[in-house]
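Q: Quick one: structure below, then a few questions.
Quick note: the coordinates plus some simple rules give every number you see, no bench work behind them. If you're wondering where the values come from, they're calculated on a predicted model, not measured in any experiment.
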Amino acid sequence: MTKRQRLALICAVFVGMASAMLPLHVDAQKTDRAKSLGTKLMCMCGCGQILTQCNHINCPSSGPMLKELDSHVTKGEADDLIVQDFIQEFGEKVLSAPPSTGFNSIAWYIPGAAFVLGLGIVVVLIRMWRQRDIDRLASASSAPASAATASSKVRDTHLDRAREQADRETEE
């Protein structure tokens, strides 16, 4: 063998070994599409975390689910079809957010309704407290006037009795 043939053989072996070390396909978990699909799904191990963010060591659910997601993404299936496949397999609990249709739409409206109701209660309470303060101030300002009026009525009544008695005594 000549030097040139040996060099070509070494290069061929090197290229063959390097290509054997490279993965045949890119992991779908690293693509943006797989990441966005993974955020729409929940891990089914019971941890309550999003599928791509499950951090349990040797999680029995996330590994197989991610592999299934990878296989769907590498096949080039539509996103809705992939999500529907997971819903058929695990039920609607696999979704990270409830769908905004049907009865589940209530979950989207309850926080806003609760905020409006709470705000209404606060406004009513503030008005009641203000009205109570206004009534207290009005009764406090009118109380001395009514006390003075009551005392003047008592005085007038005493004066009238005294006049009547004086009139009776002078007539006799």
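Q: Once the piece of chain linking ARG4 and TRP108 is laid out straight, how much longer is it, given 0.36 nm per residue of separation minus the C-alpha distance between them? Numbers along the way, then the final one.
A: Details: separation 104, 0.36 × 104 = 37.44 nm, distance 7.21 nm.
Result for the pair: 30.2 nm of gain on full extension.
Q: Give the shape of the range 32-172 as rounded, prolate or oblate, defined through the alpha-carbon gyration tensor: a ≥ b ≥ c are the square roots of its eigenvalues, a/c under 1.5 means rounded, and otherwise the shape is prolate if a/b is larger than b/c and oblate if not. Don't jump to the answer; show the numbers that get you there.
A: Details: a/c = 8.01, a/b = 6.23, b/c = 1.29.
Prolate shape, in that a/c is at least 1.5 and a/b is the bigger ratio.
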